[in-house]
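The values are calculated or read from the model by the stated rules, or taken from the named source; none is laboratory data. Since this is a predicted model, take the numbers as computed values, not measurements. Positions of Cβ are backbone-derived with ideal geometry, glycine not excepted, and every protein chain shown enters the neighbour counts. Keep in mind that these areas ignore ligands, DNA and RNA; they rest on the heavy atoms of the full protein, side chains included. Shrake-Rupley method; radii C 1.70, N 1.55, O 1.52, S 1.80 Å.
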Amino acid sequence: IVISTGVVTTLAGTAGQYGTTDATGTSARFNWPFGITTDGTNLYVAEIAGRKIRKVVISSGVVTTFAGSPSGSTGGGSTDATGTSARFSNPEAITSDGTNLYVADTQNHRIRKIVISSGVVTTLAGSSSGNTDATGTSAQFAQPHGITTDGTSLYVTDRLNDKVRKIE
């Protein structure tokens with residue numbers, strides 16, 4: 001891959017027009033898009049204030065809600081479910097291994113897994129704010145913020161614990 005021209009264009013969304021509208025190109029609206037990853041065909045955007053994971057088709061700019069949905073006036077939640085029945089609270093970072101998406105669900109202190117083919121959201125690790133190395137929901141994070149993968153493990157920046165954590 002060679003990125004050489006430096007030309008910047010808008011694929012989706014419009015400056016100053018926040019919201020959570022599913023649409024194409026500049027008709028789509030985002031509410032604090034933060035993290036972004038790709039599976040090669042689509043972009044997946046962690047949208048903090050919208051409490052959603054949005055999918056953007058790279059070839060067309062079509063934006064849809066892939067997972068999550070605001071819950072009530074206080075928003076957020078931590079429901080494991082499929083698609084828009086799932087709930088997040090400030091999903092800030094996202095990465096992909098090509099089959100799954102992994103989300104740093106910051107205010108829930110959890111790492112969430114989304115199966116790309118089905119949209120099923122589950123909690124991979126974390127349960128409440130803390131600083132415990134353990135397996136699955138016995139582990140604790142304090143506002144996981146960044147996430148990436150090397151294809152074998154996940155690496156998470158655990159903001160309030162001042163750590164980089166590894167999930168195998």
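Could you work out the relative contact order of the range 37-108? I mean the mean sequence separation of Cα pairs under 8 Å and 6+ apart, divided by the number of residues, in percent. Show your work: numbers first, answer last.
Working: 169 pairs, mean separation 19.9, N = 72.
Over the range 37-108, the number comes to 28 percent.
Positive end of the dipole of the chain (Cβ unit charges, origin at the Cα centre): among T5, G126, G50, the Cα lying farthest that way belongs to G50. Sorted largest first by accessible area at a 1.4 angstrom probe radius, with every protein chain in place, the residues I36, I58, I3 fall in the order I3, I36, I58.
Placing unit charges on the Cβ atoms only, positive for Lys and Arg and negative for Asp and Glu, gives the chain a dipole magnitude near 300 debye about its Cα centre.
Comparing Cα centroids, the range 13-35 and the range 104-168 end up 26 angstrom apart.
Taking T65, T37, T79 as the candidate residues, the one with maximal mean-square fluctuation in a Gaussian network model of the chain, Cα springs under 10 Å, is T79. Computed from backbone phi with θ = phi - 60° and the Karplus coefficients 6.51, -1.76 and 1.60, the 3J(HN,Hα) list for the range 108-118 is 8, 6, 9, 10, 10, 10, 10, 6, 4, 5, 10 Hz; x is used for glycine and proline.
With all protein chains in place and a 1.4 Å probe, the accessible surface of the chain carries 50 percent carbon and sulfur. Spin-label model, Y18/T38: points 7 Å from Cα along the beta carbon direction are separated by 2.7 nm. Straight-line reach from K166: which aspartates and glutamates have Cα under 17 Å away, leaving out those fewer than 8 places along the same chain? Qualifying aspartates and glutamates at Cα under 17 Å: D97, D105, D133, D150, D158.
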